[in-house]
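*Asks:* Sharing a structure, written as structure tokens. Questions coming.
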2 protein chains.
Amino acid sequence: MSSATYSKIKPKPLFEIIIEQIRDQIASGSLKPGDLLPAERQLSEMMGVNRHSLREALKVLEFLGVVHSRTGIGTMVNNLGQDILVDRVEQAASFSPRRFLVELMELRQAIEPHAAALASQRATAEDLARMERAMIDLRHEFEGGELGSDADERLHLALAAATHNQTFARLAEPMMAMLNDYRRKSLHIPGRRRETLTEHERIFAAVSQGKAQEAREAMSAHLDKVERMLTQLEDKEDRTE
Amino acid sequence: MSSATYSKIKPKPLFEIIIEQIRDQIASGSLKPGDLLPAERQLSEMMGVNRHSLREALKVLEFLGVVHSRTGIGTMVNNLGQDILVDRVEQAASFSPRRFLVELMELRQAIEPHAAALASQRATAEDLARMERAMIDLRHEFEGGELGSDADERLHLALAAATHNQTFARLAEPMMAMLNDYRRKSLHIPGRRRETLTEHERIFAAVSQGKAQEAREAMSAHLDKVERMLTQLEDKEDRTE
DNA sequence: ATGGTTGTATGGTTGGACCATTGAACAATG
DNA sequence: CATTGTTCAATGGTCCAACCATACAACCAT
């Protein structure tokens, strides 16, 4: 057997090449927000591709919000944000089976209580400060009538980071992102914000005091509540469909 | 001036409607990950739109990672959410190769006891049969003087599958695969095989009898032993390096 | 069994056509 | 002069119809 290794041959689809080319033009400043792209017929000829292939690329960019096309006018570069980068993670949940959300919550039930226990043993002063900052923000935003879903996520991520286990931290990030949609909805439920606050306070207290078992149980109880909210929300959506 | 208000009339582009339709099919479970979509020509006719309009939608979904098309085969639904999580675990290995084994074991400590508890509640006769087969093979291979690392891995994977949580099952695969090297080494330690066998028998017994708490503890105890073997082996390698 | 051949279904790409909308230029109207 | 209506060219939106390249299955030849 030969020891030579072979890499997969992957001819890049045309539309992806076109996407990159247009994205580069925007990134390099050749195409500034507000600029009008050349007409499709003209641009496709310049690129040496068919108009359809060009349109496939333009539709992707339009869906991502990078450009927007209007009949009779042309295709314009949006001024929205410099980061043209696509976050697959953000949209992953909405393009996944409903069942996946339930599975994700079960995974949280497995990981986060253990993470809380580890964090209670390993959290540095810096870790605790970051968690406390999220706690303070969460409390303020609730009192101010805001949702506080960002502070919620930051707290969980800070806890994952406090385990000083990079694998935990790297896993927690997409898990939280994929549950973002649902998190925002659940915080609209009456009384849920106050509950959320006390549950998080209990978790943070246990972690900062180094009580591993208490931290594990507090997190587990919190996730039980969250999972109950999830099924409750899903039932409501099913009825309105 | 009239007090009447007018809302902007915005006809949704065809390709966005198509995207939503396909996304709903996936979210509702009508299209499961791994499923093959109808052929473009066929699907476009079913939807009453042109093939090109359908392709504009498919290219967006493909760029987002929801779906992937291959010439001569068709267009298949991806496991976007699960893929992201699996990627994170695999990427973590490249970030901290040295301490990754330790981190991975901590992740197992979090996931597998929970998985064992879930499996004890949900395992079907088929699941138990698959686990038992792995148990029998493990016993036979040990008696025959073989390593039995394959049977070991199969048992853990079968347990993960028995949770009937596909995200657990998918995550277990790379975790087990990356531990394979170490597993073979540890089974060379004198007496380790007999220990492994009794530990696995205890786990299997608890799961097959539906004892969730017992299964959790048995798995946790097993992983404690494994982790101890791991650090022991690492120390030995460090001395010889 | 192994390897080559053929046929068919698939996505990839191209060309061309027509429609709907837009804005500008221009004419018609008061 | 200001307003309104008309025409016209350019643009994106949609559709129809091919042809190419790949993949797989079935069959055949060795």
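*Asks:* Across the stretch B:38-79, what is the number of residues that are touching a helix residue (DSSP H, G or I) at 6+ places or on another chain (Cβ under 8 Å), more than 10 Å from every other protein chain (Cβ to nearest Cβ) and polar (S, T, N, Q)?
*Replies:* So the answer is 3.
*Asks:* Right, next: Report whether or not residue A:113 is touching a residue at least 12 places away in the same chain (Cβ under 8 Å) and in contact with an Asp or Glu (Cβ under 8 Å, 6 or more places away or on another chain). Steps first, answer last, please.
*Replies:* Numbers: touching a residue at least 12 places away in the same chain (Cβ under 8 Å): yes; in contact with an Asp or Glu (Cβ under 8 Å, 6 or more places away or on another chain): yes.
For residue A:113, the condition - touching a residue at least 12 places away in the same chain (Cβ under 8 Å) and in contact with an Asp or Glu (Cβ under 8 Å, 6 or more places away or on another chain) - is met.
*Asks:* Hey, another quick one. Restricting to the stretch B:171-193, name every residue that is assigned to a helix (DSSP H, G or I) and either among the polar types (S, T, N, Q) or over 11 Å from residue B:89 (Cα atoms) (or both).
*Replies:* B:176, B:177, B:179, B:180, B:181, B:182, B:183, B:184, B:185, B:186, B:192, B:193
*Asks:* So which of B:88, B:99 ends up being under 17 Å from the mean Cα position of the chain (by Cα) and among the basic types (Lys, Arg)? Give the derivation first.
*Replies:* Details: B:99 fails: under 17 Å from the mean Cα position of the chain (by Cα).
Just one listed residue meets the conditions, B:88.
*Asks:* If you don't mind, another one. Give me a count of the residues in the stretch B:62-83 that are surrounded by fewer than 20 Cβ atoms within 10 Å (Cβ to Cβ) and closer than 20 Å to residue B:176 by Cα.
*Replies:* Selection size over the stretch B:62-83: 1.
*Asks:* Additional query: Answer with yes or no whether residue B:149 is in contact (Cβ under 8 Å) with a residue 24 or more places away in the chain and either surrounded by fewer than 20 Cβ atoms within 10 Å (Cβ to Cβ) or more than 18 Å from the chain's Cα centre (by Cα) (or both). Give the steps one after another, and end with the answer.
*Replies:* Values: in contact (Cβ under 8 Å) with a residue 24 or more places away in the chain: yes; either surrounded by fewer than 20 Cβ atoms within 10 Å (Cβ to Cβ) or more than 18 Å from the chain's Cα centre (by Cα) (or both): yes.
Yes.
*Asks:* Identify, by number, the condition in (1) buried (at least 18 other Cβ atoms within 10 Å of the Cβ); (2) away from chain A (no Cβ under 14 Å) that residue B:205 doesn't meet.
*Replies:* Of (1) buried (at least 18 other Cβ atoms within 10 Å of the Cβ); (2) away from chain A (no Cβ under 14 Å), only one is false for residue B:205: (1).
*Asks:* Regarding the stretch B:167-174, can at least one residue be identified that is in contact (Cβ under 8 Å) with a residue 60 or more places away in the chain, of a type in the set (S, T, N, Q) and under 25 Å from residue A:99 (Cα atoms)?
*Replies:* If we filter the stretch B:167-174 for residues that are in contact (Cβ under 8 Å) with a residue 60 or more places away in the chain, which is where we start, we get B:167, B:170-174.
Adding the requirement that they be of a type in the set (S, T, N, Q) leaves B:167.
When the remaining residues are screened for being under 25 Å from residue A:99 (Cα atoms), the result is B:167.
The answer is yes; a qualifying residue exists.
*Asks:* I'm trying to understand the selection: among the residues of the stretch B:17-37, which are surrounded by fewer than 12 Cβ atoms within 10 Å (Cβ to Cβ), within 10 Å of another protein chain (Cβ to nearest Cβ) and of a type in the set (A, V, I, L, M)?
*Replies:* Hits for the stretch B:17-37: nothing passes.
*Asks:* Could you check residue B:58 against (1) touching a strand residue (DSSP E or B) at 6+ places or on another chain (Cβ under 9 Å); (2) within 13 Å of DNA strand D (Cβ to nearest atom); (3) in contact (Cβ under 8 Å) with a residue 12 or more places away in the chain and say which number it fails?
*Replies:* Only one criterion is unmet by residue B:58, namely (2).
*Asks:* Here is a follow-up. Considering every residue within the stretch B:92-99, establish whether at least one is in contact with a Pro (Cβ under 8 Å, 6 or more places away or on another chain) and not in a helix (DSSP H, G or I). Can you show your working first?
*Replies:* Start the filter on the stretch B:92-99 by keeping residues that are in contact with a Pro (Cβ under 8 Å, 6 or more places away or on another chain), which leaves none.
No; the residues of the stretch B:92-99 include none that is in contact with a Pro (Cβ under 8 Å, 6 or more places away or on another chain) and not in a helix (DSSP H, G or I).
*Asks:* Just checking, which of A:169, A:160 is surrounded by 21 or more Cβ atoms within 10 Å (Cβ to Cβ) and at pLDDT 90 or above? It would help to see each step written out before you state the result.
*Replies:* Working: A:169 fails: surrounded by 21 or more Cβ atoms within 10 Å (Cβ to Cβ).
Being surrounded by 21 or more Cβ atoms within 10 Å (Cβ to Cβ) and at pLDDT 90 or above holds for just one of A:169, A:160, which is A:160.
*Asks:* Have a look at A:138, A:118 and point out the one that is touching an Asp or Glu at 6+ places or on another chain (Cβ under 8 Å), more than 16 Å from DNA strand D (Cβ to nearest atom) and away from chain B (no Cβ under 11 Å).
*Replies:* Values: A:118 fails: away from chain B (no Cβ under 11 Å).
Of A:138, A:118, the one residue that is touching an Asp or Glu at 6+ places or on another chain (Cβ under 8 Å), more than 16 Å from DNA strand D (Cβ to nearest atom) and away from chain B (no Cβ under 11 Å) is A:138.
*Asks:* Being of a type in the set (D, E, K, R) and either more than 9 Å from chain A (Cβ to nearest Cβ) or not in a helix (DSSP H, G or I) (or both) is the filter here, so list the residues in the stretch B:100-115 that pass it. Before the answer, list the steps.
*Replies:* Keep residues of the stretch B:100-115 that are of a type in the set (D, E, K, R), which gives B:103, B:106, B:108, B:112.
Correct list: B:108 only.
*Asks:* Residue B:77 - would you say it is farther than 30 Å from residue A:165 by Cβ and more than 11 Å from DNA strand D (Cβ to nearest atom)?
*Replies:* Numbers: farther than 30 Å from residue A:165 by Cβ: yes; more than 11 Å from DNA strand D (Cβ to nearest atom): yes.
Against the criterion (farther than 30 Å from residue A:165 by Cβ and more than 11 Å from DNA strand D (Cβ to nearest atom)), residue B:77 qualifies.
*Asks:* If you don't mind, there's one more thing I want to ask. Please count how many residues of the stretch B:140-157 are part of a helix (DSSP H, G or I) and within 20 Å of residue B:182 (Cα to Cα).
*Replies:* So in the stretch B:140-157, the residues part of a helix (DSSP H, G or I) come out as B:140-143, B:149-157.
Filter again for within 20 Å of residue B:182 (Cα to Cα), leaving B:141-142, B:149-157.
Residues meeting the conditions: 11.
*Asks:* On the basis of being within 14 Å of chain A (Cβ to nearest Cβ) and at pLDDT below 85, does residue B:95 make the cut? Steps first, answer last, please.
*Replies:* On the way: within 14 Å of chain A (Cβ to nearest Cβ): yes; at pLDDT below 85: yes.
So residue B:95 fits the description; yes.
*Asks:* Could you list, in sequence order, the residues of the stretch A:32-49 that are touching a strand residue (DSSP E or B) at 6+ places or on another chain (Cβ under 9 Å), more than 13 Å from DNA strand D (Cβ to nearest atom) and closer than 22 Å to residue B:63 by Cβ?
*Replies:* Filtering the stretch A:32-49 for residues touching a strand residue (DSSP E or B) at 6+ places or on another chain (Cβ under 9 Å) gives A:32-40, A:43.
Restricting the remaining residues to those that are more than 13 Å from DNA strand D (Cβ to nearest atom) gives A:32-34.
Selection gives A:33 alone.
The values are calculated or read from the model by the stated rules, or taken from the named source; none is laboratory data. Note that the structure is a prediction, hence the values are computed from the model and not measured. Because the Cβ atoms are built from the backbone with ideal geometry, glycine has one as well, and the counts that use them run over all protein chains shown.
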